[in-house]
Ligand code: COA
């Protein structure tokens, strides 16, 4: 018989910055896992707007309020290199990914297949993004901010404020 044990998962992303879409995936995962590592990728290829330290800080602030509503343990950590190596080093057995639109599928399929080859015991669980967040991306949020558009339905008030400071005050 296969019994449920303490489940540790990793939810990776660049989080530049973390959006309400990411938060939706985090909250829904937290119902099913006991410990969730929110793994913030260094990802220099993407040339993030926020430094790794800032992305960690912002992600940590967003996740703080979750602790009172979920029994799941949340930990925000940086990672570089292969996701699978990070997940294994944290003794995670699951990788959580959100799927938004069909175009996400090819990339996710490739990544899952490679990760499975590298570590056959690692599973990837996909959650369909909420319809409100299907077309949201961190890039879009940054672009809307630069064009002085309203991002309040995509990010928290705090992220909204930090984005404006970063983009317009060049903090
Ligand atoms: N709601 C809203 N937006 C979402 C979302 C959701 N539920 N899920 C993802 N997004 C957005 C992200 O903000 C991101 O926006 P951006 O491209 O404008 O920055 C975009 O959708 C793509 O998300 P994702 O696919 O999660 O990309 P990412 O850059 O955030 O993270 C890594 C990618 C870091 C997880 C991945 O590259 C990785 O694991 N790298 C490590 C190397 C490795 O192990 N590679 C695999 C073997 S080849």
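Quick note: the coordinates plus some simple rules give every number you see, no bench work behind them. Remember, predicted model here, so these are calculated numbers, not experimental data. Cβ: placed from backbone, ideal geometry, glycine included. Neighbour counts: every protein chain shown.
Table for the structure above
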quantity	calculated
Rounded if a/c under 1.5, otherwise prolate or oblate - the stretch 70-116, Cα gyration tensor axes	oblate
Rounded if a/c under 1.5, otherwise prolate or oblate - the stretch 63-144, Cα gyration tensor axes	oblate
Those residues of the stretch 33-73 whose amide nitrogen sits under 11 Å from the label point placed on residue 80, 7 Å along Cα→Cβ	42-45, 52
Tensor-based shape of the stretch 1-129 (alpha-carbon gyration tensor, a/c under 1.5 rounded, otherwise prolate or oblate)	rounded
Rounded D (µm²/s) - the stretch 27-100, Kirkwood Rh over Cα pairs, Stokes-Einstein at 37 °C, 0.692 mPa s	246 µm²/s
Residue exposure sequence - 51, 29 - by fewest surrounding Cβ within 10 Å	51, 29
Label-point separation in nm, residue 34 to residue 139, each point 7 Å along Cα→Cβ	3.9 nm
Acute angle (nearest 10 degrees) that the helix 52-64 long axis makes with the longest principal axis of the chain, alpha-carbon atoms	80 degrees
For the stretch 99-146, alpha-carbon Rg and Dmax in angstrom	13.9, 43
Neighbour-count order for 121, 97, fewest beta carbons within 10 angstrom listed first	121, 97
Rounded tilt (10° steps) of 20-30 against the dominant C-alpha axis of the chain	20 degrees
